[in-house]
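The values are calculated or read from the model by the stated rules, or taken from the named source; none is laboratory data. Remember, predicted model here, so these are calculated numbers, not experimental data. FYI the Cβ positions are ideal-geometry reconstructions off the backbone, even for glycines, and counts take in every protein chain you see.
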Amino acid sequence: MNNRLRIRKGDTVVVTTGKYKGVKGKVLKVFPEARKIIVERVNFIKKSTRPTQQNQQGGIIEKESPIHVSNVMLWNSKINDVTKAVFKVIGDKRVRVCHKTGDEI
């Protein structure tokens, strides 16, 4: 199985399915082996934490949890629409380009 993802850390994506459908956010972390990503302000979970030296209060915190990469699409700000990223060989380098416009991402 090819673990290369078309979405990378720092990209802006739009959630296409589920509870957070239509939410736009920035990719914070990528897990290529599991084919999952963490998107800011998407898929919050509540987690209980114990008191530690850094967090002496402890308690319940909310944080983002991973979602599958198939549930998001890349956002292209130039055309204000979602798009797919495809790989093209330009010279001796592989680069990601927008499928709709052909612009380099």
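The rows are residues; the columns are (1) touching a Pro at 6+ places or on another chain (Cβ under 7 Å); (2) surrounded by 13 or more Cβ atoms within 10 Å (Cβ to Cβ).
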| residue | (1), (2) |
| --- | --- |
| GLY10 | no, no |
| VAL23 | no, yes |
| LYS47 | no, no |
| GLN57 | yes, no |
| VAL72 | no, yes |
| LYS78 | no, no |
| VAL89 | no, no |
| ARG96 | no, yes |
| query | Taking the stated definitions as given, is LYS78 charged (D, E, K, R) and at pLDDT below 95? | reply | yes
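Which residue is farthest from the chain's Cα centre (by Cα), if the candidates are limited to the range 18-27 and must be within 15 Å of TRP75 (Cα to Cα) and of a type outside the set (Lys, Arg)?
From the range 18-27, those within 15 Å of TRP75 (Cα to Cα) are 21-27; that's our starting set.
Checking which are of a type outside the set (Lys, Arg) leaves us with 22-23, 25, 27.
Working: GLY22: 14, VAL23: 12, GLY25: 8, VAL27: 4 Å.
It comes out as GLY22.
Taking GLU33, is it out of contact with any Phe, Trp or Tyr (no Cβ under 8 Å at 6 or more places or on another chain), among the charged types (D, E, K, R) and at pLDDT below 95?
Values: out of contact with any Phe, Trp or Tyr (no Cβ under 8 Å at 6 or more places or on another chain): yes; among the charged types (D, E, K, R): yes; at pLDDT below 95: yes.
For GLU33, the condition - out of contact with any Phe, Trp or Tyr (no Cβ under 8 Å at 6 or more places or on another chain), among the charged types (D, E, K, R) and at pLDDT below 95 - is met.
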| message | Would you confirm whether or not the range 58-71 contains a residue that is modelled with pLDDT of 90 or more and touching a Gly at 6+ places or on another chain (Cβ under 8 Å)? | response | yes
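Give me a count of the residues in the range 43-87 that are among the β-branched types (Val, Ile, Thr) and free of Cβ contacts under 8 Å to residues at least 24 places away in the same chain.
Count: 7.
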| remark: Of the conditions (1) touching a Lys or Arg at 6+ places or on another chain (Cβ under 6 Å); (2) more than 24 Å from VAL13 (Cβ to Cβ), the single one that PRO51 does not satisfy is (1)
| note | Note: among ARG35, ARG94, just one is in contact with a strand residue (DSSP E or B) (Cβ under 8 Å, 6 or more places away or on another chain) and on the phi > 0 side of the Ramachandran plot, namely ARG35
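Looking only at the range 25-45, which residues are of a type in the set (Val, Ile, Thr) and exposed (fewer than 14 other Cβ atoms within 10 Å of the Cβ)?
Quick first cut of the range 25-45, residues of a type in the set (Val, Ile, Thr) only: 27, 30, 37-39, 42, 45.
ILE45, the sole residue that qualifies.
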